[in-house]
Amino acid sequence: MKTPIIFSVDDDPQVARAVQRDLRSKYRRDYRIFSTTSADEALASLLELKNQGEEIALLLSDQKMPEMEGVEFLEKAREFFPKAKRVLLTAYSDTDAAIRAINSVQLDYYLMKPWDPPEERFYPVLDDLLDEWTFHFKPVFSGIKVIGYGYSPKSHAIKDFLSGNLKPYLWMDAQTSEEATNLMELNGIDSGSLPVVFFEDGTFMENPGIRDLAGRVGLNPMASAELYDVAIIGAGPAGLAAAVYGASEGLKTLLIERKAPGGQAGTSSRIENYLGFPSGLSGADLTRRAVTQATRFGAEFLSPQEVREIEIKEGGYKKLILADGNTIHAKALVITTGVDYRRLETEGLETYTGAGVYYGAATTEATTCKDKEVFVVGGGNSAGQAAVYLSNYARQVNILIRRPGLEETMSSYLIDQISGIPNIRVHPCTEISRASGGERLEKLELRDLVSGEVRDEPADAVFIFIGARPYTEWLAETLVKDPKGFIETGRNLQQYTEFKRNWKLERDPYTLETSIPGIFAAGDVRSGAMNRVAAAVGEGSMSISLVHKYLGEV
């Protein structure tokens, strides 16, 4: 928490120094002391401090100043920090103005100059005011603040990006937050410029693009070298494990992620069956630990950055062509791009994506669901974890599944949790047949798959977890995939004619090696992979041992 501020302004440099001296002597342990001789400069500083999320406990102003009188300054300062205590420093001739200011600007006190000795005529007054301020003080959030509309796809994209990349932020709804309204008015921001992102230094970006925002929050989309021992494409659990093992074993390692680290596991509110964490841990916590571990060992992390194409060059080098046109070369590749949530092709859902309809994102949008009617579509563990997490916020969470029950698709520990939460209801043999609303989702049409009955239900948000499809569309056809698009590896490649035609090495491909030597696949993107975090981590670490074998051959 930032230390609160006592701010003083007096145009007489000698008096300003005396005020600053006495304030520091008494209050420097608990407060930062700011002082200036210009009222205009002070107002500019107040706006900057407000944008930075600072808190002012006490404002002291001289009454007779050339730029504006102290009463006028305190009245304007009140717009920035309405809860700060306000004290006017006056000469005897200014007492009438001070008395009038008690009502006009809700002045808390006026002090006659000089105030010597301060132990008798200065500190006791300020002590009482600061004690009262401290009693009512609630620390403000210090960090990134996002102002936008609750059911805006643009706002959702920014929140999802920040939370996925482990950047803490404060969400402020422009329609309900007084603080958001205040910040917009003070900075001259109109509603057409939303969403707007305020940074800790007080600057802000109106309606920023994701790549521009990434640069401001310290993410790096540019590689520092042209050649790496191993490049890992995708920063889910498998990719993060590969980065940790690659870097720790001395390989020059590059990790590339197009969205946010952690993959689908990173969005999980609670992983309770991961080895070594008996109380469970969130996907974000697991991701944060893994990213820290990989970077500590020296892995380079590019995000957000996307690989568009892979070319095989002379000598077996792999050329990565990035979305921005830049290129990177690597001796070996590990593809860990994982899977995307499968889209639900139902009338109306696409219209409200980001405005009430979300794929994953339960942790991102949970706070906007407070006291709302929420639906979760899917019967797997991801859906169950999302429902449990959302139940802490929503009035009612409804799980929609096409099967008669959850037993075939969800872990028993989650089923037991769900059965014990009163505001979660499971709707078996039910699907969404239509979504509707105005600017945001308002209603779902649900169909009973047994009776055929259709009913309308009010809905504020729908979170969809209906399986996944591999993110492999970008890969060349020379890389063999199964009929569902997952990458084939190891001995399974022998069944494909195109593999036999193109594989020219005398040895068979290694366990996780693809149809191109030196390119490996691990985690959920691989055909036949087990969809478990621990399995992905195991394959990611195993891929590096195979990379070592391959590099020993070339």
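Numbers below:
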item: Unmet criterion (only one of (1) touching a residue at least 12 places away in the same chain (Cβ under 8 Å); (2) more than 33 Å from the chain's Cα centre (by Cα)) for residue 524; result: (2)
item: Verdict on residue 421 being part of a loop (DSSP other than H, G, I, E, B) and in contact with a Ser or Thr (Cβ under 6 Å, 6 or more places away or on another chain); result: yes
item: Filter result (out of contact with any Pro (no Cβ under 7 Å at 6 or more places or on another chain) and under 18 Å from residue 387 (Cα atoms)) within region 424-443; result: 424, 425, 426, 427, 430, 431, 432
item: Residues that are touching a strand residue (DSSP E or B) at 6+ places or on another chain (Cβ under 6 Å), part of a strand (DSSP E or B) and either under 18 Å from residue 259 (Cα atoms) or of a type in the set (D, E, K, R) (or both), drawn from region 143-188; result: 145, 169
item: Matching residues in region 59-70 - criterion: being in contact with a helix residue (DSSP H, G or I) (Cβ under 6 Å, 6 or more places away or on another chain), within 25 Å of residue 137 (Cβ to Cβ) and aliphatic (A, V, I, L, M); result: 59
item: Selection within region 211-239 - in a helix (DSSP H, G or I), closer than 15 Å to residue 544 by Cα and open to solvent by 10 Å² or more (accessible area, probe 1.4 Å); result: 237
item: Enumerated helices (runs of 4 or more DSSP H) restricted to region 1-101, each holding at least 3 residues that are farther than 17 Å from residue 122 by Cα and in contact with a Phe, Trp or Tyr (Cβ under 9 Å, 6 or more places away or on another chain); result: 39-51
item: Qualifying residues in region 333-369 (those that are aliphatic (A, V, I, L, M) and in contact with a Pro (Cβ under 9 Å, 6 or more places away or on another chain)) - the one farthest from residue 472 (Cα to Cα); result: 355
item: Residue tally, condition closer than 20 Å to residue 12 by Cβ and either hydrophobic (A, V, I, L, M, F, W, C) or open to solvent by less than 30 Å² (accessible area, probe 1.4 Å) (or both), over region 56-88; result: 16
item: Candidates 16, 39, filtered to the one that is at pLDDT below 95, farther than 16 Å from residue 134 by Cβ and surrounded by fewer than 20 Cβ atoms within 10 Å (Cβ to Cβ); result: 16
item: Checking residue 53 against (1) open to solvent by less than 30 Å² (accessible area, probe 1.4 Å); (2) small (Gly, Ala, Ser); (3) within 25 Å of residue 99 (Cα to Cα), the condition it does not meet; result: (3)
item: Which listed residue, of 193, 163, 177, 248, is under 24 Å from residue 471 (Cα atoms), open to solvent by less than 60 Å² (accessible area, probe 1.4 Å) and of a type in the set (S, T, N, Q); result: 163
item: Top-ranked residue of region 520-531 - restricted to ones that are of a type outside the set (S, T, N, Q) and touching a Phe, Trp or Tyr at 6+ places or on another chain (Cβ under 9 Å), ranked as most open to solvent (accessible area, probe 1.4 Å); result: 528
item: Count of residues meeting criterion [over 21 Å from the mean Cα position of the chain (by Cα), part of a helix (DSSP H, G or I) and either among the aliphatic types (A, V, I, L, M) or under 20 Å from residue 213 (Cα atoms) (or both)] in region 277-309; result: 0
item: Unmet requirement for residue 458, which otherwise passes all of (1) out of contact with any helix residue (DSSP H, G or I) (no Cβ under 7 Å at 6 or more places or on another chain); (2) over 21 Å from residue 362 (Cα atoms); result: (2)
item: Test set (1) under 16 Å from residue 335 (Cβ atoms); (2) surrounded by 17 or more Cβ atoms within 10 Å (Cβ to Cβ) - residue 308 fails condition number; result: (2)
item: Some residue of region 244-267 being of a type in the set (Ser, Thr, Tyr), touching a helix residue (DSSP H, G or I) at 6+ places or on another chain (Cβ under 7 Å), in contact (Cβ under 8 Å) with a residue 40 or more places away in the chain and outside any helix (DSSP H, G or I); result: yes
item: Residue selected from region 104-159 under the condition surrounded by 13 or more Cβ atoms within 10 Å (Cβ to Cβ) and among the β-branched types (Val, Ile, Thr), by the criterion farthest from the chain's Cα centre (by Cα); result: 125
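The values are calculated or read from the model by the stated rules, or taken from the named source; none is laboratory data. All of these numbers come straight from a predicted model, not from anything done at the bench. Note: ideal-geometry Cβ built from the backbone for every residue, glycine included; neighbour counts use all protein chains shown. The area values use the complete protein model at the heavy-atom level, side chains included, leaving out ligands, DNA and RNA. Shrake-Rupley method; radii C 1.70, N 1.55, O 1.52, S 1.80 Å.
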